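Notes to accompany the following structure.
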Amino acid sequence: MSVVEAEGLTKRFGDFEALHGISFIVSRGTITAVVGPNGAGKSTLLKIISGLINKTYGHISVLGEDPWKPISLPRRLSIILDRPFLPTLITVEDVVREAASEFRVNLKDVVNLMDELNLSLFFKNKVKDLSTGTKQKLQIVFSLLKNPELIVADEPTANLDVASRFEVYNIFIRLKEKMGVTVLISSHIASEVISISTHVMGINNGIVKYSGEVSRLIRKDMLEEFYIVVDNVEVAREALKGYTTEVTGNQIKVRGNMVDVVSRINASGARIFYLRNSLLDKSVQGELGWE
Ligand SMILES: Nc1ncnc2c1ncn2[C@@H]1O[C@H](COP(=O)(O)OP(=O)(O)OP(=O)(O)O)[C@@H](O)[C@H]1O
């Protein structure tokens, strides 16, 4: 069953056409990586789906509703943007208590979600004193409190380090697997977001260049070979026993599932400074005509 349906979707800003009559569907219980270069039209598309801006022409239906004239959508859809917008002068604990009461959720459930993102240690801090990445993670917690059916996340991990990015991805993966939540997520780091997704939609110059299941569009060997740079190679390598690895200085070339590899290294105590699948990034850029 489709959660989002678009047919001939067009968006103009004055004389400039940002989306040129695009058509696609998003099925329930999938994670779709929305990838493309700067100015491709990703944010414009995600904002239309979220009801933040209106289309110019065409058809768009989100959970069976017109997102510009929503009925139940605000309750069922969570929007995550790359910039946090939180009250800054009060403590995290106060924000959390207020949010729990507003969304009528159990404080314990909020704390569990915060634990998953390693946020609980900031409980007594004022929001204004948190790093941008920590504020962003807090923002994500609030966005998820209403137990959405659909999450639209525009560059949600832009301000986060590798470990935090995967904490966020793991939450999306869990929500999809346990609750059948549908996720649309955009990122500049195509290879990373594709690695955690079931589907990929490649956009450039306001056109969907390709769209479909990751397993059909991308070869497994290309998906599962990437590089990480860590602070402690020995500890990281020990954590990756059973995986094929090649070490050069602080860099490890790994073959395997990216989510599992990152979880193992995070659990080992080693720190990942850098993670990239350049081969896949280049291939996606080539397919999209992305300079
Ligand atoms: N409010 C606006 N008024 C005029 N032009 C706009 C507006 N919003 C977006 N655009 C233009 O539409 C095009 C698509 O922008 P959009 O932000 O959707 O791209 P994007 O793929 O999200 O890029 P990025 O990754 O840099 O955020 C760009 O050329 C942008 O300049």
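The values are calculated or read from the model by the stated rules, or taken from the named source; none is laboratory data. Note that the coordinates shown come from a computational prediction; the quantities given were computed from them, not determined experimentally. Note that we place each Cβ from the backbone using ideal geometry, even for glycine, and neighbour counts take in every protein chain shown. Accessible surface is based on the protein model in full, side chains and every heavy atom, while ligands, DNA and RNA are left aside. Shrake-Rupley method; radii C 1.70, N 1.55, O 1.52, S 1.80 Å.
Just a few scattered comments:
- Boolean, residue 191 is modelled with pLDDT of 95 or more, assigned by TED's automatic domain parsing to the domain that holds residue 149 and either outside any strand (DSSP E or B) or surrounded by fewer than 22 Cβ atoms within 10 Å (Cβ to Cβ) (or both): no
- Scanning the stretch 145-200 for residues that are small (Gly, Ala, Ser) and over 26 Å from residue 96 (Cα atoms) gives 186, 187, 190, 191, 195, 197.
- Scanning the stretch 27-83 for residues being away from the ligand (no atom under 12 Å from the Cβ) and on the phi > 0 side of the Ramachandran plot gives a total of 5.
- Looking across the stretch 265-291, the residues that are charged (D, E, K, R) and open to solvent by less than 90 Å² (accessible area, probe 1.4 Å) come down to 276, 281.
- Where strands (runs of 3 or more DSSP E) fall wholly inside the stretch 1-82, the ranges with 2 or more residues that are of a type outside the set (A, V, I, L, M) are 2-13, 16-27, 57-62.
- When the test is whether a residue is assigned by TED's automatic domain parsing to the domain that holds residue 70, within 16 Å of the ligand (Cβ to nearest atom) and either under 13 Å from the mean Cα position of the chain (by Cα) or not aromatic (Phe, Trp, Tyr) (or both), residue 153 passes it.
- Note on the stretch 196-207: residues that are in a strand (DSSP E or B), under 21 Å from residue 156 (Cβ atoms) and hydrophobic (A, V, I, L, M, F, W, C) amount to 3.
- Scan of the stretch 60-100 for residues that are at pLDDT below 90 and either open to solvent by 80 Å² or more (accessible area, probe 1.4 Å) or touching an Asp or Glu at 6+ places or on another chain (Cβ under 7 Å) (or both), ordered by number: 81, 82, 83, 85, 89, 97, 98
- Index of the failed condition, residue 86 passing every other in (1) of a type in the set (A, V, I, L, M, F, W, C); (2) part of a loop (DSSP other than H, G, I, E, B); (3) within 15 Å of the ligand (Cβ to nearest atom): (3)
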